[in-house]
Amino acid sequence: MIRAAALCLAGVAAVAVWPGSASAATLAPDPIGGRERVKVTVTSTEVATQTCLVWVNKKWGGQFDVLPGGKQSLVVGQVVPGTAAIEVICAGVPLHGQAEVGLANPALDALDAVLIGSGSSTLASDPTLR
């Protein structure tokens, strides 16, 4: 009986703690692939600023801070074309995703730079730059 009570209390403690830590941040929407780039967006549900670390295909991609209840993105460049595996760790919680990465296109990148420079980033052909 004591063993059953201990297991029950342990289960209640796990349920009470686990949802809070699992919902610390979400990788949303899924990472976006572009031309040899990946855009990672994290939405925080915490009340404290979180530092998020990013790896793309097991290579360091960078880090950024997400403000409480905020949303932050990071664009990682020089990603090999194909399916990229993304891992983000925010407040010790690992988040995983994938993105399809295309080949570089200097002509389209130049056009995107002009569009972004003129304030029309929503028209950029590479979704990671929008």
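The values are calculated or read from the model by the stated rules, or taken from the named source; none is laboratory data. Values in this document were obtained by computation on a predicted structure and should not be read as measured data. Because the Cβ atoms are built from the backbone with ideal geometry, glycine has one as well, and the counts that use them run over all protein chains shown. Accessible surface areas use protein heavy atoms only, side chains included; no ligands, DNA or RNA. Shrake-Rupley method; radii C 1.70, N 1.55, O 1.52, S 1.80 Å.
Just a few scattered comments:
- Qualifying positions in the range 83-126 - touching a residue at least 24 places away in the same chain (Cβ under 8 Å) and among the polar types (S, T, N, Q): 98, 105
- Scanning the range 52-78 for residues that are open to solvent by less than 80 Å² (accessible area, probe 1.4 Å) and touching a residue at least 40 places away in the same chain (Cβ under 8 Å) yields 66, 75, 77.
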